[in-house]
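Here is the structure we will look at, set down as structure tokens.
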Amino acid sequence: MLRPIYFYTRLKREDWRAGSLSFLFITSWLLAGAASSAIFIIQYIPIGGTLLEKVPAAKIIIVAPVMLVLGSIFFFITLFIAAGLFVSGLLAGLTAIAGLLHYTFQALGGKGQLNQIIQSVCYSSAAILVAATIFILMMLTKYVGMDFTLFRFGFNTIYNLLVLYLYGLWAVAGRKTYGISKTKAFVGALAPVSLLLILGFLFDKIIISRLQSWIS
């Protein structure tokens, strides 16, 4: 994360389905844990609190263990669903990006293997962990009273900075993998970055506003 040039220079080339895929799985599960925790705090706890309000104070001690077990079950169900979505989404997305980078860098005169760029892109998923901050912003909006406009601004800021950092990572990976100049590496990395920026713009215009009723 702090020294990407050194990392990609020292990276041992191996089948991308070995260490880099395991790394992507770990990243996906960490993000799934953050997302599940946010969903549990934002949605499940208020529901559980509403149910306990109808229980007499004398019986809360009896009901509390049952609620705890049910809460744990719902949390782990949410975790496994979120993990499946993050694993499949990141794997498909990053593999597609690696393929786009591969053919773009080859068109720019580079010489490298698809396996190597997939490996490098999978390792770049470490940067995506910063997206967990978005779930913290959700909880601040729900419980601290942060304005939804600030949440939207924070989401867009985090997303754009993340894409900018990934742009640098993929340019460095392309230069080290395909032996091309720095200029060509940054030009080639523009292809997936442009696509991500377009997707981010569409998400902001179509999806984010629908989250307001859920987290406000």
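Worth a mention:
- Selection count where residues are at pLDDT 90 or above and buried (at least 16 other Cβ atoms within 10 Å of the Cβ), scope region 198-216: 1
- LEU85 crowded, with 18+ Cβ neighbours inside 10 Å and either modelled with pLDDT of 95 or more or under 24 Å from LEU21 (Cα atoms) (or both): no
- Here ASN160 clears all of (1) touching a Leu at 6+ places or on another chain (Cβ under 7 Å); (2) over 16 Å from PHE135 (Cβ atoms); (3) free of Cβ contacts under 8 Å to residues at least 60 places away in the same chain except the condition numbered (1).
- Here the condition is being open to solvent by 60 Å² or more (accessible area, probe 1.4 Å), at positive phi and over 15 Å from the mean Cα position of the chain (by Cα); of GLY145, GLY109, it holds for GLY145 alone.
- Those residues of region 48-96 which are in a helix (DSSP H, G or I), without any contact (Cβ under 8 Å) to a residue 40 or more places away in the chain and β-branched (Val, Ile, Thr), in sequence order: THR50, ILE60, ILE61, ILE62, VAL63, VAL66, VAL69, ILE73, ILE77, ILE81, THR95
- Qualifying residue in region 165-187 (condition: hydroxyl-bearing (Ser, Thr, Tyr) and over 26 Å from ARG10 (Cβ atoms)): no
- One residue stands out in region 183-194 among those that are open to solvent by 60 Å² or more (accessible area, probe 1.4 Å) and in contact with a helix residue (DSSP H, G or I) (Cβ under 8 Å, 6 or more places away or on another chain): the one that is nearest to PHE151 (Cα to Cα), namely LEU190.
- Residue among VAL144, VAL69, VAL63, VAL121 that alone is at pLDDT 90 or above and among the aliphatic types (A, V, I, L, M): VAL121
- Filter pass, MET139 being open to solvent by 20 Å² or more (accessible area, probe 1.4 Å), in contact (Cβ under 8 Å) with a residue 24 or more places away in the chain, more than 24 Å from PHE201 (Cβ to Cβ) and not polar (S, T, N, Q): yes
- Scanning region 97-106 for residues that are surrounded by 22 or more Cβ atoms within 10 Å (Cβ to Cβ) and closer than 29 Å to LEU30 by Cβ returns ILE97, ALA98, LEU101, HIS102.
The values are calculated or read from the model by the stated rules, or taken from the named source; none is laboratory data. Keep in mind that what you see is a predicted model, and the values were worked out from it rather than measured. Because the Cβ atoms are built from the backbone with ideal geometry, glycine has one as well, and the counts that use them run over all protein chains shown. Each accessible area value is taken on the protein alone, full model and side chains, heavy atoms only, with ligands, DNA and RNA left out. Shrake-Rupley method; radii C 1.70, N 1.55, O 1.52, S 1.80 Å.
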